[in-house]
Amino acid sequence: MSEKVLVTTTEAIAGYHVVETMGEVFGLTTRSRNVVSSFGQSMKAIVGGEIKGYTKLQDAARDEAIDRLKTAAAEVDANAVVMMRFDSSSGAIGDSVTAYGTAVKIEKDVD
């Protein structure tokens, strides 16, 4: 169901118009780090460069937050989320990501 929810960072969607606004929706997740991986990545921080394990963690957290945002939108019968944004933070336990935006119902423009 949620895979049919269009997510965009823009307010307007070309070829569509908003017919109903449902309000704010959120997708939240916190992903923890593996202790062994964290140690190895700490060593990488000493010499510099990309910490690939953290990049993978951020990618996974972002994707999960978007999936949960789509699910939240589908639960209020929206078929799109406009003005989607992210908020994130890192702490001792892991990385938290929030995806948020406005759930709307859109319809294709008629020429």
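Numbers below:
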item	result
Top-ranked residue of segment 88-100 - restricted to ones that are at pLDDT 95 or above and open to solvent by 10 Å² or more (accessible area, probe 1.4 Å), ranked as nearest to residue 14 (Cα to Cα)	100
Hits in segment 55-80 - residues which are open to solvent by 50 Å² or more (accessible area, probe 1.4 Å) and free of Cβ contacts under 8 Å to residues at least 12 places away in the same chain	56, 59, 63, 75
Where residue 47 falls short, out of the listed (1) modelled with pLDDT of 95 or more; (2) open to solvent by 60 Å² or more (accessible area, probe 1.4 Å)	(1)
From the options 68, 85, 62, residue that is assigned to a strand (DSSP E or B) and basic (Lys, Arg)	85
In segment 82-101, the residues that are over 8 Å from the mean Cα position of the chain (by Cα) and farther than 16 Å from residue 71 by Cβ	82, 83, 87, 88, 89, 90, 91, 92, 93, 94, 95, 96
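The values are calculated or read from the model by the stated rules, or taken from the named source; none is laboratory data. Since we're looking at a predicted model, the values are computed, not measured. Cβ coordinates were reconstructed from backbone atoms using ideal geometry, including for glycine residues, and neighbour counts include every protein chain displayed. Heads up: the accessible areas ignore ligands, DNA and RNA and are worked out on the full protein's heavy atoms, side chains in. Shrake-Rupley method; radii C 1.70, N 1.55, O 1.52, S 1.80 Å.
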